[in-house]
Amino acid sequence: MFDLEEELKKLPARPGVYLMHDKKDAIIYVGKAVSLKNRVRQYFQSSRNVSPKIQKMISQIDYFEYIITDSEVEALVLENNLIKEYRPKYNTMLKDDKTYPYIKATVEEDFPRLLYSRQKKRDKSRYFGPFTSAGAAKDTLELAHKIYKIRTCRRILPRDTGKERPCLNYHIGQCSAPCQGNISKEEYCANFKKAIKLIEGDYTEVTSYLEDKMLKASEKLAFEEAAGYRDLISSVKTMAIRQKVTDFNGQDRDIIALARTLEEAVVQVFFVRDGKLIGRDHFHLNGTSGEKEEDILQDFIKQFYAGTPFIPHEIMVEYNIADINIIEQWLSGLKGGSVHIVVPKKGSKERLVELAHKNAALVLTQDMERIKREEERTTGAMNEICSWLGITGVSRVESYDISNINGFQSVGSMVVFEDGKPKKSDYRKFKIKTVKGPDDYASMYEVLTRRFRHGIEERKSGEHGVTSEAGSFMRFPDLIMMDGGAGQVHIAQKVLSGLGLDIPVCGMVKDDRHRTRGLFFRECELPVQIDSEGFHLMTRIQDEVHRFAIEYHRSLRSKEQSRSVLDDISGIGGRRRKALMKYFHSIEDLRNATVEELSHIESMNKNAAINVYKFFHEEDK
């Protein structure tokens, strides 16, 4: 039994990390402290000056634990690691962890390459970046390859020279083919050094080089070639404009600003590398309600720089943050050099922070508009359908469909929409077991009976300790939307009545042209507005349940076809047939396989592989 008063008395006056748990043992908050004794006690004293978010968290704390560290910096590192591992609900969290791309120069090779990389490894290569977008990195690489024709292949040169034909890049003019001995090592490496200058942002030399090439091509009347050089010059100039020099004396800086509403927060980061503003990015944060701006910014800085491989010399921020000295120590240790966090008060630096803030505010405004539109087409659309039906409290909707060809391989599908959005993890498929021939009503009766009987059984099991995660049918819908009219609705009502369930059922009625025209509910057909979000949601539900049923039916037919074909091949029994069907996605893939490929499949041998190969290829003759 956790005795709060006793545990509070035991808290040491030392730096460390504390973890708050709820009654289910879930970690709901992780924090760090200079003095665990003082910090943790504050939560359980007067809450008059505490935000509603923290008050709610405190009400859910069942017990706490703590870890002592030797310093505040160690506590900060541990706090970051624990937050990343457990993602506690009351911590301010980055919504996603972004990784930034690099350009990798394999300088240790005789014929070095320029490659796109998502990781900065500790190898002998040289890395440029991080770039703020994949597009920027790929555009730079493409330009370097077009101008200087640097290879990308994995061949070990000069060892593999002449062993294989040149790759596609050579044929499209983006590689000088050192693999064929078409260029000397000296000339290739000279071009490689020029490509590095381009990546580093030195555009003067490459522009002069291309202008000279364009002029010579024009003099030879090779106007198409000259136009190609002209286009490359234009691309270089565009890239140079993108990386406009700012007044930063060639230093690396990040500029960070925040915009927020009561519930949402967005942080904008401008990236300055070698004095050039090379890009920007924005980040959404969860759990910021009731938090101060400076605290949100501090939490962002800790999480962001814990996950990025590059840390600049200076970080310019909008607000003074409480733990600035500790965070500077931590970042300096990660960088291996001094890092300073500053709040500019005047001049161009302050204007850049203001610009970052305006960009964050713009992103937030656009997000709010996007969220509003998304709500209109999801929860708003669902509310509209409910208003037509005259019901309330609908979150989960289930819809069903039957698919077969003249009764062959009849299947049923169940799709789920929650708050107007598909919840694919809850989709279910049914093979029809009791119905012979094409009888959609009887098939639907079987599907619905199995679905809700399973649900009832799982609910009973749940009373004995089976969780909702274990029971795939345990959650019942608030509304059933049948793909059809009165007949389908009556089938569903018959099943529910027989099982003692009371769930509203409506039918999505179609006209003679198979277009949705209304809703059948409580023995009446209700008109709907065809230009409304509610109507569009109905259409999406119908399309989705139909798609899901047809795809399942096709997959079974494909397997049946594969099974019947393979039955005719000598030496292919159940085990080998299963292995072949698992490995190959279609009969066509199997037909195109070589004897060698077939013989390497589990349970197959050379003779069986030859039999399969002969079966398909003798058939073609």
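Which of the trypsin sites (Lys or Arg not before Pro) found in the range 354-436 are loop residues per DSSP with 15 or fewer other Cβ atoms within 10 Å of their Cβ?
Hits after loop and neighbour filter: Lys423, Lys433, Lys436.
At a 10 angstrom cut-off on C-beta neighbours, averaged per residue, how do the peptides 586-592, 478-484 rank from highest to lowest?
Going by the mean number of other Cβ atoms within 10 Å, highest first, we get 478-484, 586-592.
In the chain, with Lys and Arg counted as +1 and Asp and Glu as -1 at Cβ, which of these residues, Ile530, Cys386, Ile199, has the Cα nearest the positive end of the dipole, that is, farthest along it?
The listed residue farthest towards the positive side: Ile199.
Using the Cα centre as the reference, give the magnitude of the dipole from point charges on the C-beta atoms of the chain (Lys, Arg: +1; Asp, Glu: -1; all else neutral), rounded to the nearest 20 debye.
With only Lys, Arg, Asp and Glu charged at Cβ, the dipole is about 1300 debye.
Quick one: what are the phi-derived ³J(HN,Hα) couplings along the range 495-510, Karplus 6.51/-1.76/1.60 with θ = phi - 60°, whole Hz, x for glycine and proline?
5, 4, 4, x, 9, x, 10, 10, 10, x, 10, 10, x, 8, 7, 10
Is the shape of the range 102-201 best called rounded, prolate or oblate, per the rule: a/c under 1.5 gives rounded, else a/b larger than b/c gives prolate, else oblate, with a ≥ b ≥ c the square roots of the Cα gyration tensor eigenvalues?
prolate
Considering only DSSP states other than H, G, I, E and B, which GluC sites (Glu not before Pro) in the range 1-108 qualify as loop sites with at most 15 other Cβ atoms within 10 Å?
Glu108
Give the residue from Phe283, Phe476, Met368 lying farthest towards the positive end of the charge dipole for the chain; charges sit on Cβ (+1 for Lys and Arg, -1 for Asp and Glu) and the dipole is referred to the Cα centre.
In the chain, that residue is Phe283.
For Arg517, enumerate residues with amide H under 5 Å from its amide H, sequence gap 5+ or separate chain, H modeled in the peptide plane.
Val509, Lys510, Asp511
Report ³J(HN,Hα) in whole Hz for each residue of the range 198-211, in order, from the Karplus equation J = 6.51 cos²θ - 1.76 cosθ + 1.60 where θ = phi - 60°; Gly and Pro get x.
4, 5, 6, x, 8, 9, 5, 5, 5, 5, 4, 4, 6, 5
Do any of Lys194/Lys220; Lys193/Lys358; Lys302/Lys358; Lys24/Lys372; Lys32/Lys345 go past 28 Å between their Cα atoms, and which?
In this structure, Lys193/Lys358; Lys24/Lys372; Lys32/Lys345 exceed 28 Å between Cα atoms.
Which one is right for this structure if Cα Rg over 2.2 N^0.38 Å is calculated from it: [x] 1.90; [y] 2.65; [z] 1.29?
[z]
What shape does the range 567-619 have by the C-alpha gyration tensor, where a ≥ b ≥ c are the square roots of the eigenvalues, rounded means a/c under 1.5, and otherwise prolate means a/b greater than b/c and oblate the rest?
Rounded, because the longest to shortest axis ratio a/c is under 1.5.
Straight-line reach only, C-alpha to C-alpha below 23 angstrom: list the lysines that Lys510 could link to, leaving out same-chain residues fewer than 8 apart.
Of all the lysines, those that pass the test against Lys510 - Cα under 23 Å, at least 8 places apart if same chain - are Lys421, Lys494.
Taking every DSSP beta bridge with both residues inside the range 253-374, roughly what % is antiparallel (nearest 5)?
Roughly 70 percent of the beta bridges in the range 253-374 run antiparallel, per DSSP.
Can you work out the Karplus-derived ³J(HN,Hα) for every residue in the range 263-269? Use 6.51 cos²θ - 1.76 cosθ + 1.60 with θ = phi - 60°, whole Hz, and x for glycine or proline.
10, 10, 9, 10, 10, 10, 10
Read-outs throughout are calculated quantities, based only on the coordinates presented, and are distinct from any laboratory measurement. Given the structure is predicted, the values throughout are model-derived calculations rather than measurements. Positions of Cβ are generated from backbone atoms using ideal geometry, with glycine treated the same way; all protein chains shown enter the neighbour counts.
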